[in-house]
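A.B. asks: The structure is given below, and queries will be raised subsequently.
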């Protein structure tokens, strides 16, 4: 049974979390009838004037992203504000499923009345996020959450996709993590608005200070594009709650300085561009002629440049028919 559009709109306006969860499930569905209602719901959400603080959080596996979010979330709700947490988990290449265990590390806030946590499988979608993350953000914003935190799968060169969907991008690294920074490379670091040296417990305090100094010396070398904000390095201990309140102060400072309207326009443009590409890919892969071309290529055990030339010619022929 497919619920009507009014069911989801009324539920979101009335802050019904069960309806919000069902709405997220709706936009994740690939059933054509579900997608019709989902698209109408997203259109409604885009017209709402509510504005949450959208924050993307990434970092290497083991850096403590979920524990950091637990501590930051506790600080947010202590200030009488609400938050939604979208935790993206890596998917199995075999079953496509995920453990979705991030919520277990957010024990302090998981069941608070002002907190909504939605674990989502990445389904092997690149960029450290899920395919419908942007739409889920829109739903949570229309619901009225003050903050929306998105935890990515784990840092890598492809993790920068979250930068294009959020207002503020945070990168977590470990103390004394020279080798880790080499693995992260420049792509993620130069896009991070705030870099957090996490797990800076008292036992690691000296190492954390060294890491902060090292990163601060590197930042001027990066081609940072935001002229309204100078990216900064902070240190925190999520377990000992050190530096969390200071982090939230810098987050608030960031939102008071940057042009959110301009950032949101870029987010919408990026999403629309990805949506068009997704639709094109779906149509192409469902085309019988193209499927035949692909099947013939895959069925041949050998490989030659002539095969590629043949495929290229066949595809050009199909495209020319569309142009005419």
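The values are calculated or read from the model by the stated rules, or taken from the named source; none is laboratory data. The structure presented is a predicted model; accordingly, all values stated were derived computationally and were not measured. Note that each Cβ is placed from the backbone with ideal geometry, even for glycine, and that neighbours are counted across all protein chains shown.
A.B. asks: Confirm whether residue 142 is at pLDDT 85 or above, buried (at least 18 other Cβ atoms within 10 Å of the Cβ) and assigned to a helix (DSSP H, G or I).
C.D. replies: Yes: the conditions hold for residue 142.
A.B. asks: A follow-up question, please. Please tell me if residue 227 is more than 29 Å from residue 62 (Cβ to Cβ), free of Cβ contacts under 8 Å to residues at least 24 places away in the same chain and part of a loop (DSSP other than H, G, I, E, B).
C.D. replies: yes
A.B. asks: Collect the residues in region 190-210 that are farther than 18 Å from residue 68 by Cα and either modelled with pLDDT of 80 or more or not assigned by TED's automatic domain parsing to the domain that holds residue 161 (or both), keeping them in residue-number order.
C.D. replies: Passing the criteria: 191, 206, 207, 209, 210.
A.B. asks: Now a separate question. Hey, residue 109 hits all of (1) surrounded by fewer than 20 Cβ atoms within 10 Å (Cβ to Cβ); (2) part of a loop (DSSP other than H, G, I, E, B); (3) in contact with a helix residue (DSSP H, G or I) (Cβ under 9 Å, 6 or more places away or on another chain); (4) modelled with pLDDT of 80 or more but one; which does it fall short on?
C.D. replies: That leaves (1) as the condition not met.
A.B. asks: Checking the condition modelled with pLDDT under 90, surrounded by fewer than 16 Cβ atoms within 10 Å (Cβ to Cβ), under 22 Å from the mean Cα position of the chain (by Cα) and not in a loop (DSSP other than H, G, I, E, B), which residue from 25, 30, 104, 93 passes?
C.D. replies: 104
A.B. asks: Tally the residues that are modelled with pLDDT of 95 or more and outside any strand (DSSP E or B), restricting the search to region 47-67.
C.D. replies: 1
A.B. asks: Let me ask something else. Could you tell me which residue of region 230-251 is surrounded by the most Cβ atoms within 10 Å (Cβ to Cβ), considering only residues that are in contact with a strand residue (DSSP E or B) (Cβ under 9 Å, 6 or more places away or on another chain) and part of a loop (DSSP other than H, G, I, E, B)?
C.D. replies: In this case the residue turns out to be 236.
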